[in-house]
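Peer 1: Next up is a structure, given as structure tokens.
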């Protein structure tokens, strides 16, 4: 039997191009994020601050509990990798 997936909602989008998707469990608690950084750095250190910017083709970061656990080329690939890291 397939385990349930996280419930994903669009998170913050900044003026610098930072995009975020937040994965919540069934109780609505955010437990994973995938973040794409465009530009030199995120203005809000609560999102992610990277220097230098990840190489082209791996600019989606997979974050679990405030820690980057991987990178992906596409948002959906990052979402599925986050779920796999959580055993979902």
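Peer 1: If residue 35 satisfies every condition in (1) modelled with pLDDT of 80 or more; (2) part of a loop (DSSP other than H, G, I, E, B); (3) closer than 15 Å to residue 72 by Cα but one, which is the exception?
Peer 2: In the conditions (1) modelled with pLDDT of 80 or more; (2) part of a loop (DSSP other than H, G, I, E, B); (3) closer than 15 Å to residue 72 by Cα, residue 35 misses (2) alone.
Peer 1: Moving to a separate point now. Outside any strand (DSSP E or B) and either within 10 Å of the chain's Cα centre (by Cα) or at pLDDT 70 or above (or both): which single residue out of 80, 10, 71, 56 fits that description?
Peer 2: 80
Peer 1: Report yes if some residue within region 22-29 is modelled with pLDDT of 85 or more, in a loop (DSSP other than H, G, I, E, B), on the phi > 0 side of the Ramachandran plot and surrounded by fewer than 16 Cβ atoms within 10 Å (Cβ to Cβ); otherwise report no. Steps first, answer last, please.
Peer 2: The initial filter retains those residues of region 22-29 that are modelled with pLDDT of 85 or more, namely 22-29.
Next, from what is left, pick out any that are in a loop (DSSP other than H, G, I, E, B): 25-29.
The next check asks that each one be on the phi > 0 side of the Ramachandran plot; those that pass are 28.
This time we only want the ones that are surrounded by fewer than 16 Cβ atoms within 10 Å (Cβ to Cβ), so: 28.
Yes, there is a match, as at least one residue in region 22-29 is modelled with pLDDT of 85 or more, in a loop (DSSP other than H, G, I, E, B), on the phi > 0 side of the Ramachandran plot and surrounded by fewer than 16 Cβ atoms within 10 Å (Cβ to Cβ).
The values are calculated or read from the model by the stated rules, or taken from the named source; none is laboratory data. Predicted model, so just to flag it, every value in this text is computed and none were measured. As a convention, Cβ positions derive from the backbone with ideal geometry for all residues, glycine included, and neighbour counts pool all protein chains shown.
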